[in-house]
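Single-structure report; data block below.
What follows draws every value from the coordinates through simple rules; no lab data is involved. These figures come from a predicted structure and were not determined experimentally. Heads up, the Cβs are rebuilt from the backbone with ideal geometry, glycines too, and the neighbour counts pull from every protein chain shown.
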Amino acid sequence: MGSAVRKAAAGWALLGGVFVFLIMVVTSLNVGAFALDRVTGPMGVPLSGLPGYEDFVRLLVSCAALMFFPFCQSRRAHVTVELFVSALPKFVQVLLDRVWLAAMLALSLFLAYWMTLGMLETRSDNALSPVLGWAEWPFYLPGILSLLLWAAVIAGQLVSGESDA
């Protein structure tokens with residue numbers, strides 16, 4: 001697999017990590033506001049949670065969730081079942097690995113296709129997040145890019161003959 005694709009997968013995972021960090025910070029601030037409200041509320045100084053918290057977290061989670069897949073695939077850090085396969089001859093292990101790579105490639109492209117259709121439908125519906133009023137369709141883009149990058153990593157592994165076995 002090319003180093004450019006591997007570097008792109010690593011950078012994309014780092015961006016996903018930034019999104020997860022932002023989710024954690026906003027969640028902490030929101031929980032902190034509710035905790036402070038227990039103290040300040042009875043004194044006549046109510047504190048509310050962050051307006052749009054649920055929108056923000058939902059939209060960022062939808063981005064971050066798939067952003068780690070390409071990096072995990074490039075490291076072959078996904079879950080594999082080796083209990084029975086390790087006892088099989090090496091050529092069968094390699095064959096099974098190639099079949100599963102091809103299946104994951106097909107799956108990633110299938111999901112990217114349907115996610116693209118979902119994004120186009122969301123855009124044509126002018127769907128907005130309920131509280132913040134943000135357009136929802138742009139938040140599909142990181143997921144689609146993640147799936148395409150995942151497919152590129154898998155394709156590189158198939159072409160290069162890289163094997164888990």
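Odds and ends about this structure:
- Helix 141-160 and the long axis of the chain differ in direction by around 20°, with both axes built from C-alpha atoms.
- Helix 90-124 axis, angle to the chain major axis (alpha carbon atoms, nearest 10°): 40 degrees
- Overall size of region 101-165 from C-alpha positions, given as principal axis extents largest first: 49, 18, 14 Å.
- When only the Cβ of Lys, Arg, Asp and Glu is charged (+1, +1, -1, -1), the dipole of region 1-126 relative to its Cα centre reaches about 560 debye.
- What the Kirkwood sum gives for region 3-160 is a hydrodynamic radius of 18.4 Å, with every pair of different alpha carbons counted.
- Peptides 124-131, 9-16 ordered by average Cβ neighbours within 10 Å, highest first: 9-16, 124-131
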